[in-house]
């Protein structure tokens, strides 16, 4: 089999699942970079409804402009207490979301965060400015029927640190599949638990 035939065959194998995803799950094209490095502009995402869990990427109605739909990472659900320290570490019920420095990409530092949800390790990458904004936030206990969300561009976007916990009615759905260009920090296809 020639290289061209192999490429055609692989393209066919890739296009069939993407076509099925498009037919059976709602899809959207990402327009902003609030969730970079994990989800970037021009990525295609497929979403579905499910109960909210920490680590999920939620498609939400913006609490300040309900006509706008945004992406944010769900950090905590009702009853959990969130604390965000001066170094940028997030704590859920006094348990830190683990962070690992992945290097710099001016003007950002790339950090991998991960948490355990049962037996599943959920991980993602966030961007922090090399000279991060030092803000202090008091601990927040998430009220009943609310969620606490953060963007992955931690120093440059608006999220629950400023809004507070938001009501679940803002949730549209959750990202389950992402398709887009690969780079050193992510593959071209990601599946979310």
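State the Cα centre-to-centre distance between region 116-193 and region 22-76 in whole Å. Result: 10 Å between the Cα centres. Computed from the C-beta positions of residue 31 and residue 102 and an R0 of 25 Å, the FRET efficiency is 0.50 to the nearest 0.05. Relative to the current alpha-carbon distance between residue 156 and residue 191, full extension at 0.36 nm per residue lengthens the span by 10.0 nm. Binning the C-alpha pair distances of the chain at 10 Å intervals from 0 yields a P(r) profile of 8, 34, 35, 15, 5, 2, 0 %, listed from the shortest bin outward.
Each of 50, 37 has some number of other Cβ atoms within 10 Å of its Cβ, and from fewest to most they run 50, 37.
Just to confirm the number: angle between the C-alpha axis of helix 3-24 and the first principal axis of the chain, 0 to 90 degrees, nearest 10? With both axes taken from Cα atoms, the answer is about 50 degrees.
Tell me, in nm to one decimal, what length is gained between residue 83 and residue 131 on full extension, where the rule is 0.36 nm per residue of separation less the Cα-Cα distance? Walk me through the intermediate numbers first.
On the way: separation 48, 0.36 × 48 = 17.28 nm, distance 2.08 nm.
Value of the extension gain: 15.2 nm.
Cα gyration tensor of region 46-112, axes a ≥ b ≥ c as square roots of the eigenvalues: rounded (a/c below 1.5), prolate (a/b > b/c) or oblate? Taking the square roots of the gyration eigenvalues as a ≥ b ≥ c, region 46-112 is oblate. Residues 174, 179, 137, 191, arranged from fewest to most other Cβ atoms within 10 angstrom of their Cβ, appear as 191, 137, 179, 174.
For a quick protection proxy, order the peptides 106-118, 139-151 by their average other-Cβ count within 10 Å, most packed first. Intermediate values should be presented prior to the final figure.
Working: 106-118: 15.3, 139-151: 18.8.
The most tightly packed comes first, giving 139-151, 106-118.
Can you put 173, 182, 96 in order, fewest other beta carbons within 10 Å first?
Details: 173 19, 182 9, 96 13.
With the sparsest Cβ surroundings first, the list reads 182, 96, 173.
Measuring nothing but how far apart in sequence close Cα pairs (under 8 Å, 6+ apart) lie, relative to its length, the chain scores a relative contact order of 24 percent. Please say if region 149-193 is rounded, prolate or oblate, where rounded means a/c under 1.5 for a ≥ b ≥ c the square roots of the C-alpha gyration tensor eigenvalues, and otherwise the choice is prolate for a/b larger than b/c and oblate otherwise? Note, shape of region 149-193 comes out oblate. Summarising the label geometry, the points placed 7 Å from Cα in the beta-carbon direction at residue 172 and residue 95 lie 3.1 nm from one another. For the chain, the mean residue ellipticity at 222 nm estimated from helices alone is -4500 deg cm²/dmol, where every DSSP H run of n ≥ 4 contributes -39500 (n - 2.57) and the total is divided by all residues, rounded to the nearest 500.
We did not get these values from a lab; they are worked out from the coordinates using the rules stated. On a predicted model such as this, the values are computed, not experimentally measured, just so you know. Using ideal geometry, Cβ is built from the backbone for each residue, glycine included, and neighbour counts are taken over all protein chains shown.
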